[in-house]
1. Leaving out ligands and nucleic acids, note down the accessible area per residue over the stretch 37-384 with a 1.4 angstrom probe, in whole Å².
2. Report the antiparallel proportion of the DSSP beta bridges in the chain as a percent, rounded to a multiple of 5.
3. If you put +1 on each Lys and Arg Cβ and -1 on each Asp and Glu Cβ, how big is the dipole of the stretch 140-282 around its Cα centre, in Debye rounded to 20?
4. May I ask you to list the aspartates and glutamates whose Cα is less than 18 Å away from that of residue 682, ignoring any residue fewer than eight positions away on the same chain?
5. What order do you get for 300-309, 124-133 when each peptide is scored by the mean count of other beta carbon atoms within 10 Å, highest first?
6. Apply the membrane-span-like helix rule to the chain: whole DSSP H runs, Cα extent along the own long axis of at least 18 Å, mean Kyte-Doolittle hydropathy at least 0.5. List the helices found.
7. In nm, to one decimal, how far is the residue 505 label point from the residue 105 one, both placed 7 Å along Cα→Cβ?
8. Mind checking which lysines have their C-alpha under 16 Å from residue 281, skipping anything on the same chain fewer than 8 residues away?
Amino acid sequence: MALSPSFVSFFFLTLTLTLTSQLPPPPPPFACDWSNPSSISYPFCNPKLSILERTTDLVSRLTLDEKLSQLVNSAPPIPRIGIPGYEWWSEALHGVARSRGINFNGAISSATSFPQVILTASTFDSHLWYRIGLAIGIEGRAIYNNGQAMGMTFWAPNINIFRDPRWGRGQETAGEDPLVTSTYAVSFVRGLQGDSFHGTKLMGHLLASACCKHFTAYDLDNWKGVSRFVFDARVSLQDLADTYQPPFKSCVKQGRASGIMCAYNRVNGVPSCADFNLLTKTAREKWDFNGYITSDCNAVAIIHDQQGYAKSPEDAVADVLRAGMDLECGSYLSDHAKSAVLQKKVPISEIDRALHNLFSIRIRLGLFNGNPTKLSFGMIGPNNVCSKKHQYLALEAARSGIVLLKNSDALLPLPKTNPALSLAVIGPNANDFLTLAGNYAGPPCRNMTVLQGLHHYVKNTVFHPGCDGGPKCPTAQIEEAVEVARKVDYVVLVMGLNQSEEMEDLDRVQLDLPGKQLELINSVAKASKRPVILVLLCGGPVDITSPKYNHKIGGILWAGYPGELGGIALAQIIFGDHNPGGRLPVTWYPKDYIKVPMTDMRMRADPSSGYPGRTYRFYKGPRVYKFGYGLSYSKYSYEFVSVIHEKLHFNQSSTHLMMDENSETIRYKLVSELGEETCQSKMVSVTVGVKNHGSMVGRHPVLLFMKPGKHRSGSPMKQLVGFESVLLDAGEMTHIEFELSPCEHLSRANEAGLMVIEEGSHMLLVGDAEYPIHIII
């Protein structure tokens, strides 16, 4: 959408980037300095050789102590052969962040802070996710080229499933749906690593290195005394196959991620970092993973010290290296790996394998080909950080992700042409730019609070925090806030959570708004002249049943943690300079959901025990808001224009039989027996027509679901099978094409964890439109 000249002037006058480069920056650390004659003689410095030949030569030159020193995140230099130190631990969840590998003390003092991932996910826009990943990769490379980084291996994205609404790190994820999370993983990784959107560009070289974490079934941090360090996630093969593992499989096979991080927790008794079946048999052999595997920080130590899985520190070291882990974030290997070797618990071959994987990444990053600033990514520098392009991208992501949950009597957008208009902005999150960032954030290019964004539109704006003590709101200045609200034309309440309520190592125990927030909301709403607007800043969902049905609350917006330009994005939506289109990437549960133990990993409901299940696919219970919910200032309609292959005949391979819960015999095919050619030949082509009936241009996510004609035990009640974000002018209609693979989109996992295609009818759903398809076996 075009921006007004006044806004553009406002935006760029307030955008500042401080550059303090009086002297040229020092070159970034690299090996194979061509000005050093000895470098020419080392085969590992010869870019004409294969990576395997180069790493084989390099590893052969190292002593045992040198080898072991390279197996930890802060790898020291090896001066005798010209290899600099390297820091593997850098963070870039939604922008380059402060970490051991990155410093912001030079010419580059900030980086673009994009919205927290959970809000970006609500755009359902895979190309946007790719562009954000690419922008972060460019800024990471720029910081390295400017001598302000010791590494370019970024431990992002977090692609765990947001299984439970209380999880403190759910904000870091793309939500609860495996397809959305898988697509996000592929798009973000391709962008950050410098590949093309379709994955056709990357030829081994890396702009930066992405790392998909936390492998696997990790979605509990610290809940009622249960810590991620000792938690044993009991997960069925069925749930592993169709919920927990698909994002990692996609990240590796389609995204071609160069890193994986194994998680703290155990899965079915085995620590993730010591699980040979997980790291080697699955990731490397089944999925053809070509990269390095790192532990989460100090995850090796806890295998012995806290979990008691290994009998000795040396056994813990042996377990993880034998499983296929290559790198430890921590110092446990530094302390105990040599004694493990001397005790013959760790063969040198496993250490050499790990070193090959590690040095391969550094070679692919261009750090063994001479000065990186003279190579293909060498021109990326400070001007590429906090650029106008990246700032607009951060703004686009925020305003495209914000979800309109309620708009009674078309209260929004507010009028912006009346100079006498008065506005009150009330709430603990209204004037706090730190809340906008979420966790794992770096120093932003600029700070713009919600209050500042709204003040740009209404000069007669007054502010009151409402709560004492921030969003925890143990006490509230309700009478003072009510007096402020009575005197103005409109009121915007900015409430929700922050990192004191939800973050890494901090899960919630309640789903209510904290402290006195709800009392403050209701009191202000009751006293105000007109219905108020409620803005929620939070990663995880909260139970806002009361505001949802309060007629004095006319509008509700969920803005996640919208990043450095979230204040502007919210103001643009509230005053009609942008048409909201975000849709919730998670189910919002009622507060009674806390009766479900967070430690119960089951996805599927169990009616016999009263267990309600999890996520929109399996949850059988009341909702505050459903997955995919989101309003707009426009109305949209859908129709199925065409469906090719609406009847699918599977005569190939053997047919299997099973009994359902009603003792009916069901015929099915194993996907593993059908073969790639059959799966491709049975693709279902779906064309959906979408029309914008409103008077504003709008970006709209179109969600295509499938539900079985007859629900069977263990099957999802419905399943997202495709999504696309489309920009439509007022009154415009367009067609969207979906290609569905029956082997991927029309299959389900059985109790053995095998994907099966069952006979019977299925219904395609988009909005209120339905279309049947039939599988004949």
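1. Details: 10640 Å² over 348 residues.
Dividing the accessible area of the stretch 37-384 by its residue count gives 31 Å².
2. Numbers: 64 of 101 bridges.
Taking every DSSP beta bridge within the chain, about 65 percent pair in antiparallel fashion.
3. Values: 15 positive and 11 negative charges, 61 e Å.
In debye, rounded to 20, the stretch 140-282 gives about 300.
4. Within the straight-line limit of under 18 Å, residue 682 reaches these aspartates and glutamates: 646, 673, 737, 739, 744, 758, 759.
5. On the way: 300-309: 20.2, 124-133: 24.2.
Ranking, from highest mean packing down: 124-133, 300-309.
6. On the way: long enough: 126-145 (28 Å, 0.23); 178-192 (21 Å, 0.93); 348-364 (24 Å, 0.08); 388-401 (20 Å, -0.86).
Once both thresholds are applied, what remains is 178-192.
7. Rounded to a tenth, the inter-label distance reads 2.3 nm.
8. Partners within reach: 249, 253.
The values are calculated or read from the model by the stated rules, or taken from the named source; none is laboratory data. Everything numeric here is computed off the predicted structure, so don't read it as measured data. Neighbour counts are summed over all protein chains in view; Cβ atoms, including those assigned to glycine, are modelled from backbone coordinates with ideal geometry. We work out accessible area using only protein heavy atoms, side chains counted, and drop any ligands, DNA or RNA first. Shrake-Rupley method; radii C 1.70, N 1.55, O 1.52, S 1.80 Å.
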